[in-house]
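Okay, structure first, notes after.
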Amino acid sequence: GAGVSQSPSNKVTEKGKDVELRCDPISGHTALYWYRQSLGQGLEFLIYFQGNSAPDKSGLPSDRFSAERTGGSVSTLTIQRTQQEDSAVYLCASSAGAAYNEQFFGPGTRLTVL
Amino acid sequence: SQQGEEDPQALSIQEGENATMNCSYKTSINNLQWYRQNSGRGLVHLILIRSNEREKHSGRLRVTLDTSKKSSSLLITASRAADTASYFCATALIKAAGNKLTFGGGTRVLVKP
């Protein structure tokens with residue numbers, strides 16, 4: 001079946017604007033993860049969903065960042081009042097949910113905050 | 001902070017040669033995974049090795065895990081130009097909910113034709 005998809009693939013926004021990034025996981029995958037990759041920080045975990053709940057939000061860098069997941073499927077990562085340091089590639093991954101399962105990554109959304 | 005540190009940061013080899021990269025980590029893990037990334041976008045899963053496993057093979061890839069030394073290695077045999085990419089190790093910690101991954105800094109591999 002289809003892999004993890006993300007939209008948009010690229011997003012350029014002005015400082016202070018809000019952005020929404022979308023992730024469509026692999027069908028049937030109960031676990032969903034958001035990561036971001038930036039030059040200075042490498043690949044960082046942001047948040048993990050099991051179903052529609054988020055047991056681990058420890059990686060969200062500030063309260064400007066939030067995420068939700070509905071219907072156990074699509075997830076949206078929202079960044080409010082974007083700052084230049086938010087510029088990064090935001091990666092979504094899903095897995096079947098068991099402890100030893102690999103995570104399948106989407107192509108990412110490249111966010112540029114001007 | 002990053003759990004894993006990878007060595008070397010960059011590697012340049014000729015096609016047909018083997019490429020070896022290493023990953024060290026700090027705390028106890030459930031499993032360790034290797035990923036490949038082309039052009040700074042999506043990560044492709046290569047191999048998952050569990051904490052009770054010592055070696056795993058997949059095609060031209062061989063991964064070892066030494067939990068006593070908290071280290072892993074990825075060997076790519078008979079490299080091809082298409083293997084040019086960045087390679088990341090990622091650990092799933094025992095105490096981490098949901099198997100979230102902590103990534104190393106990556107090794108950039110260039111395979112010259």
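Just a few scattered comments:
- Residues satisfying the stated conditions in the range A:5-28, i.e. surrounded by 21 or more Cβ atoms within 10 Å (Cβ to Cβ) and part of a loop (DSSP other than H, G, I, E, B): A:Pro25
- Criterion violated by B:Gly59 - all others in (1) surrounded by fewer than 23 Cβ atoms within 10 Å (Cβ to Cβ); (2) within 14 Å of chain A (Cβ to nearest Cβ) satisfied: (2)
- Filter pass, B:Asn99 being within 14 Å of another protein chain (Cβ to nearest Cβ), within 26 Å of A:Val89 (Cα to Cα) and exposed (fewer than 14 other Cβ atoms within 10 Å of the Cβ): no
- Scanning the range A:70-109 for residues that are outside any loop (DSSP other than H, G, I, E, B) and at the interface with chain B (Cβ under 8 Å from one of its Cβ atoms) gives A:Val89, A:Leu91, A:Ala93, A:Ser95, A:Phe104, A:Phe105.
- The residues in the range B:29-56 that are part of a loop (DSSP other than H, G, I, E, B) and either more than 14 Å from chain A (Cβ to nearest Cβ) or open to solvent by 70 Å² or more (accessible area, probe 1.4 Å) (or both) can be counted, and the count is 3.
- Number of residues in the range A:48-58 that are crowded, with 16+ Cβ neighbours inside 10 Å and either under 21 Å from A:Ala2 (Cβ atoms) or in contact (Cβ under 8 Å) with a residue 24 or more places away in the chain (or both) equals 2.
- Meets criteria (basic (Lys, Arg), open to solvent by 30 Å² or more (accessible area, probe 1.4 Å) and closer than 21 Å to B:Gly106 by Cα) for A:Arg110: yes
- Scan of the range B:66-83 for residues that are open to solvent by less than 40 Å² (accessible area, probe 1.4 Å), of a type in the set (A, V, I, L, M), under 29 Å from A:Cys92 (Cβ atoms) and out of contact with any Asp or Glu (no Cβ under 6 Å at 6 or more places or on another chain), ordered by number: B:Leu74
- One residue alone among B:Cys23, B:Cys89 is away from chain A (no Cβ under 11 Å), closer than 21 Å to A:Gly59 by Cβ and surrounded by 15 or more Cβ atoms within 10 Å (Cβ to Cβ), and that residue is B:Cys23.
- A residue that is of a type in the set (D, E, K, R), under 22 Å from B:Leu101 (Cα atoms) and open to solvent by 50 Å² or more (accessible area, probe 1.4 Å) cannot be found anywhere in the range A:70-90.
- Criterion: exposed (fewer than 13 other Cβ atoms within 10 Å of the Cβ) and either among the small types (Gly, Ala, Ser) or at the interface with chain B (Cβ under 10 Å from one of its Cβ atoms) (or both) - qualifying residue of A:Ala2, A:Ala67, A:Ala31: A:Ala2
- Only residues that are part of a loop (DSSP other than H, G, I, E, B) and at pLDDT below 90 were counted in the range B:83-104, giving 4.
The values are calculated or read from the model by the stated rules, or taken from the named source; none is laboratory data. All values derive from a computational prediction rather than experimental measurement. Neighbour counts are summed over all protein chains in view; Cβ atoms, including those assigned to glycine, are modelled from backbone coordinates with ideal geometry. These area figures cover heavy atoms from the full protein model, side chains too; ligands, DNA and RNA do not enter into them. Shrake-Rupley method; radii C 1.70, N 1.55, O 1.52, S 1.80 Å.
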